[in-house]
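For reference, the structure discussed in these notes is given below.
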Amino acid sequence: KAGVTQTPRYLIKTRGQQVTLSCSPISGHRSVSWYQQTPGQGLQFLFEYFSETQRNKGNFPGRFSGRQFSNSRSEMNVSTLELGDSALYLCASTRLAGGDTGELFFGEGSRLTVL
Amino acid sequence: TQLLEQSPQFLSIQEGENLTVYCNSSSVFSSLQWYRQEPGEGPVLLVTVVTGGEVKKLKRLTFQFGDARKDSSLHITAAQPGDTGLYLCAGGRGAQKLVFGQGTRLTINP
C-alpha cells in the first residue's frame, strides 16, 4: 500500500513569510504526527492529530500550528518564518493514537529553507 | 537538554568491523525503538524493545534494552556499506509521544 506522502518535498521561503506543508497518511491510519529535524536538535515533536483533534503538542511557539481533515490528511503551518525554522519537517502516521509501542511510518519529509 | 543521549554522534569505520551505538537516559522508558534513516528518506523502524534486559537480533544487528529500562544499545557485526545511515533511538512513556535521541551518523567505508 502507498506510504506516507508529504508535499512539497523542497521549498524556499524568506523571513516573515508563512508556509503550509501537507501530509497524506497511510490508508487506514488515523493518527498523524509532525516532527522537526535539524542537525543540532535531532527530531523534535511538534504535534499529533487523531480524528481531527490535536492529541499532543510539543514545545514550539504558537507560530507552528496544524490541523487534520476528515480524511486524516494533515497540514501544518508556520507563520512569520525565522531563519531557525529551516529544517526537515517529517510527518508520521500510525493506526492508533498515542501508544508507545506503535510503529511510526514516516514520510520523506519537506525540506524548508528560510533565507 | 536532550532526554535521550546517543553516542557516538558520528562514527566512520571500515567494512567488516564491529561497532556499538549507545542510547542513554536518566529516565525510565516503557519501550525503546530504533530507527534508521537514509539520505532523502524518513526514518524506518528497525526494532522495538519493551522488557528490561531484552535482546533482539535482526540479522547482523543486535539490540539490547537495559535492565532498568533507561538505556539501550545497538551492536552491528561485520558492518557493510549498506548499514550506512542515521540511527535514531526513541523512548516511549505510556501515552506520551516518543522522545527521540539526536542520532548517530554511521558511515561504513568499503
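Quick rundown of the values:
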read-out	value
Test: residue in segment A:92-99 that is open to solvent by less than 10 Å² (accessible area, probe 1.4 Å), within 14 Å of another protein chain (Cβ to nearest Cβ) and at pLDDT 90 or above	yes
Segment B:62-110: number of residues that are open to solvent by less than 40 Å² (accessible area, probe 1.4 Å), in a strand (DSSP E or B) and over 25 Å from A:Pro39 (Cα atoms)	2
Unique residue being open to solvent by 70 Å² or more (accessible area, probe 1.4 Å), within 11 Å of chain A (Cβ to nearest Cβ), out of contact with any Asp or Glu (no Cβ under 8 Å at 6 or more places or on another chain) and not small (Gly, Ala, Ser) when the list is B:Glu38, B:Glu15	B:Glu38
Among residues of segment B:41-52, those that are in a loop (DSSP other than H, G, I, E, B), closer than 26 Å to A:Ala87 by Cβ and open to solvent by 70 Å² or more (accessible area, probe 1.4 Å), counted	1
Filter result for A:Gly107 (away from chain B (no Cβ under 14 Å) and of a type outside the set (S, T, N, Q))	no
Selected residue [more than 11 Å from the chain's Cα centre (by Cα) and within 14 Å of chain B (Cβ to nearest Cβ)] from A:Gly62, A:Gly58	A:Gly58
Number of the condition not met by A:Tyr10 [criteria: (1) open to solvent by 50 Å² or more (accessible area, probe 1.4 Å); (2) modelled with pLDDT of 95 or more; (3) under 26 Å from B:Arg36 (Cα atoms); (4) more than 11 Å from chain B (Cβ to nearest Cβ)]	(4)
Unmet criterion (only one of (1) within 14 Å of the chain's Cα centre (by Cα); (2) crowded, with 16+ Cβ neighbours inside 10 Å) for B:Val55	(2)
Residue in segment B:67-80 that is small (Gly, Ala, Ser), within 14 Å of chain A (Cβ to nearest Cβ) and at positive phi present	no
Flag if A:Ser79 is open to solvent by less than 10 Å² (accessible area, probe 1.4 Å) and polar (S, T, N, Q)	no
Residue within segment A:19-31 that is within 14 Å of chain B (Cβ to nearest Cβ), open to solvent by 70 Å² or more (accessible area, probe 1.4 Å) and under 30 Å from B:Phe10 (Cβ atoms) present	no
Test for A:Leu46: is it touching a strand residue (DSSP E or B) at 6+ places or on another chain (Cβ under 6 Å), over 26 Å from B:Arg105 (Cα atoms), modelled with pLDDT of 90 or more and open to solvent by less than 10 Å² (accessible area, probe 1.4 Å)	no
Unique match (being charged (D, E, K, R) and within 11 Å of another protein chain (Cβ to nearest Cβ)) among A:Glu82, A:Glu52, A:Glu48, A:Glu75	A:Glu48
Criterion violated by A:Ser70 - all others in (1) more than 28 Å from B:Leu3 (Cα to Cα); (2) open to solvent by less than 20 Å² (accessible area, probe 1.4 Å) satisfied	(2)
Filtered residues of segment A:58-114 (kept if of a type in the set (S, T, N, Q), assigned to a strand (DSSP E or B) and without any contact (Cβ under 8 Å) to a residue 60 or more places away in the chain)	A:Ser65, A:Gln68, A:Ser74, A:Asn77
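The values are calculated or read from the model by the stated rules, or taken from the named source; none is laboratory data. Bear in mind that the values here come from a model prediction, so they are computed numbers and not experimental data. With ideal geometry, Cβ positions are generated from the backbone for all residues, glycine too; neighbour counts draw on all protein chains shown. Accessible surface areas use protein heavy atoms only, side chains included; no ligands, DNA or RNA. Shrake-Rupley method; radii C 1.70, N 1.55, O 1.52, S 1.80 Å.
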